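> Take this structure first; my questions come after.
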Amino acid sequence: MTIIRFHTRLPLSDWQGFYTTAQVSRLAGVPAATLYEWKKRGIVTPSLQLIHNGDVVDQGYSYADLTFVRIIRAMRERKLSFDGAARSLRHLYERLGPPGEGWANEKVFVVGNRVYAERPDQWGTTDATEMGQTLIPVFFGDIFEELRGLEDGASILVPLEFRKYVEINPLVMGGEPVVLGTRLPTAVLRTMYRKYGSLERLAALYRPIERVKLQKALEYEKYLDERAA
């Protein structure tokens with residue numbers, strides 16, 4: 001019997017999926033070597049174990065882990081330290097729940113290399129990089145501006161320009177990127193395109209799917225390839 005088991009203290013079981021290091025690297029835009037370094041330092045570690053007949057046969061990242069890697073990358077681009085980014089995420093998750101609109105609606109912001117959270121509760125304004133040290137209010141930044149525009153079910157993992165055509169949902173095809181509203185993985189579509197060599201053949205093969213979705217899904221795969229290169 002094969003089961004997937006979490007080994008994390010955060011309640012992430014609603015965000016399961018199962019992603020290898022190579023998949024996380026490609027989808028989050030973080031080199032595999034960096035992921036191994038983060039794992040070694042305990043910044044982001046695979047929270048899933050694949051158990052077969054009582055033995056651990058593999059480890060993997062959950063959808064939540066993948067989302068956290070994507071946000072840490074954004075924090076690193078704003079010059080936060082690895083440890084500061086990890087502490088910030090832990091505090092924000094415990095206070096605000098999973099990454100989403102609530103993180104962006106004048107509640108999470110950046111000033112310099114510090115991340116702050118504000119909410120009308122007993123915490124007030126806190127410095128997330130110091131695990132919740134109480135502060136006076138400060139000016140808002142825009143690191144999570146992108147989260148404000150997320151529609152229900154959308155993922156920050158998919159760049160804005162592709163969200164009408166591609167989705168990543170841990171409940172659909174194990175969390176692989178798929179053409180929006182279908183169970184067709186974008187990677188499979190790319191393979192078929194390489195086989196047939198034309199969008200017209202794909203449009204005929206996958207006739208119920210709008211041609212623009214097929215085209216944009218292929219562009220998304222190209223985007224992933226170029227970013228990885």
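Quick note: the coordinates plus some simple rules give every number you see, no bench work behind them. Remember, predicted model here, so these are calculated numbers, not experimental data. With ideal geometry, Cβ positions are generated from the backbone for all residues, glycine too; neighbour counts draw on all protein chains shown.
> Taking a 25 Å limit on the Cα-Cα distance, which of the listed pairs 39/222; 195/222; 164/222; 79/222; 79/213 fall beyond it?
Details: 39/222 28 Å; 195/222 16 Å; 164/222 17 Å; 79/222 28 Å; 79/213 36 Å.
Pairs exceeding the cut-off: 39/222; 79/222; 79/213.
> Starting from the Cα of residue 45, step 7 Å along the direction of its Cβ; do the same at residue 83; then give the gap between the two resulting points in nm.
1.7
> Further question: Based on the Cα gyration tensor of region 55-99, what are the three equivalent ellipsoid semi-axes, each the root of five times an eigenvalue, rounded to whole Å and given largest first?
Details: eigenvalues 96, 37, 18 Å².
The three semi-axes for region 55-99 are 22, 14, 10 Å.
> Now, a different point. May I ask you to derive the FRET efficiency for residue 187 and residue 215 from their Cβ-Cβ distance with R0 = 25 Å, giving the value to the nearest 0.05?
Efficiency for this residue pair is about 0.95.
> Run the simple label-point estimate for residue 194 and residue 90 please: 7 Å along Cα→C-beta, distance reported in nm.
4.1
> Another question, if that's okay. With +1 on each Lys and Arg Cβ and -1 on each Asp and Glu Cβ, and nothing else charged, work out how big the dipole of region 160-228 is about its Cα centre, in Debye to the nearest 20.
Result for region 160-228 is approximately 220 debye, rounded to the nearest 20.
> Moving on to the next point. Just grab the label-to-label distance for residue 125 and residue 76, each label 7 Å out from Cα along the Cβ direction, in nm (one decimal).
Between residue 125 and residue 76, the simple spin-label model gives 3.0 nm.
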